[in-house]
Every structure is written in structure tokens, then in C-alpha cells.
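Engineer: Can you read through this structure? Questions will come right after.
Just so you know, all these numbers are worked out from the coordinates, no wet-lab data involved. Being a predicted model, the structure only gives us computed values, none of them experimental. So basically every Cβ, Gly included, is an ideal-geometry build from the backbone, and we count neighbours across all protein chains shown.
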Amino acid sequence: MIKGFLIIFTLLFLGDSISNLFSIPIPGNVIGMILMTVALKYKIVKLEDIKPVSDVLVNNLAFFFIPPGVGVMVYYNLIKNEFIPIVAAWFLSTLLVFTVVGKLQDKLSRKNGNN
């Protein structure tokens, strides 16, 4: 299990380092997840090495929502003042994601002959 944590945190550190070093506007944890995906795809990292750790993290996922929840309470006045733009951005981005994923799925299904 220690090996799994070491792999996950190393890739997280690499993602953060890449984001900061190159001033990329993508969060380091997202870059770390991309690195993890590539490492798993090309079998640089074995799934068996990280599966126990990832299971523990997913089973305790609720604990990771506590800091953002506190952040929402800390910035309540700001959120209250900007509620309409926040909801509009949330709605439009959700609609955009649904549309893009739907069109992509439709295109891939037609390409594979799964009409």
C-alpha cells in the first residue's frame, strides 16, 4: 500500500511541478491524473500497485469534500453577491459538456457501427 501512495503522490508532485514550472493554466492535479492515465496505459505503473490505495481513497471520498465545503462557508458573502453569474456559468458549462459528450458518443457509435 505504501508503494501505491508513493506512486500516486509522485505523479501528483510531478503534475504540480509541470504546472508551476511551465505556468500552464491547468491544475497540477489534473496533469498528475493525465500522467497516471498514460503510465497505466503504457504499463509503466501496474494497476495492482495502485488499486488498494485508490479503493481506500474512493471509499473515503466524502472526507475530501470537507475543505471545499468550509471554503464555501468562508466565501458565503462573495458567492451570495455573484450567485446569478455562478449559476449561469454552471448551467451553461453543464449544457456544453452534455452536448459535446453526446455528439462525440453519437459519432463514435456510428463509426463503430452501433447505431
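Engineer: Round to the nearest 0.05 the FRET efficiency obtained for TYR42 and ARG110 when R0 = 41 Å and r is the Cβ-Cβ distance.
Structural biologist: Given R0 = 41 Å and the Cβ-Cβ separation, E is 0.90.
Engineer: Another question, if that's okay. Over the Cα atoms of the chain, what radius of gyration and what Dmax do you get, in Å?
Structural biologist: Spelled out, the Cα radius of gyration and Dmax of the chain are 18.9, 52 Å.
Engineer: Next up: Going by the alpha-carbon gyration tensor, a ≥ b ≥ c the square roots of its eigenvalues, is the range 65-115 rounded (a/c under 1.5) or, if a/c is not under 1.5, prolate (a/b greater than b/c) versus oblate?
Structural biologist: In terms of gyration-tensor shape, oblate.
Engineer: Please list, by residue number, every one of the chymotrypsin sites (Phe, Trp or Tyr not before Pro) in the range 34-86 that is coil in DSSP and has at most 16 other beta-carbon atoms within 10 Å.
Structural biologist: When the chymotrypsin sites (Phe, Trp or Tyr not before Pro) of the range 34-86 are filtered for loop state and at most 16 Cβ neighbours within 10 Å, TYR42, TYR75 remain.
Engineer: Hey, another quick one. Taking 0.36 nm per intervening residue step and subtracting the Cα-Cα distance, what contour gain separates VAL101 from MET73 on full extension?
Structural biologist: Full extension from VAL101 to MET73 adds 6.8 nm.
Engineer: Here's something else I'd like to know. List the lysines whose Cα sits under 27 Å from the Cα of LYS107, skipping any in the same chain fewer than 8 residues away.
Structural biologist: LYS41
Engineer: Can you give the FRET efficiency for PHE64 and MET1, using 1/(1 + (r/R0)^6), R0 = 25 Å, r = Cβ-Cβ distance, to the nearest 0.05?
Structural biologist: Result of the calculation: an efficiency of 0.85.
Engineer: Given DSSP loops and a limit of at most 15 other Cβ atoms within 10 Å, what is the longest stretch of the chain that contains no such trypsin sites (Lys or Arg not before Pro)?
Structural biologist: My reading of the result: 47-115 is the longest stretch.
Engineer: Can you work out the Karplus-derived ³J(HN,Hα) for every residue in the range 88-100? Use 6.51 cos²θ - 1.76 cosθ + 1.60 with θ = phi - 60°, whole Hz, and x for glycine or proline.
Structural biologist: 4, 5, 4, 5, 5, 5, 5, 4, 4, 5, 4, 5, 5
Engineer: Next question, about the same structure. How long are the three semi-axes of the equivalent ellipsoid for the range 1-59, computed from the Cα gyration tensor as the root of 5 times each eigenvalue, in whole Å, largest first?
Structural biologist: Semi-axes, largest first: 22, 12, 9 Å.
Engineer: Using a Förster distance of 35 angstrom, determine the FRET efficiency expected from the C-beta separation of SER54 and ILE86, and round it to 0.05.
Structural biologist: Efficiency, from the Cβ-Cβ distance: 0.65.
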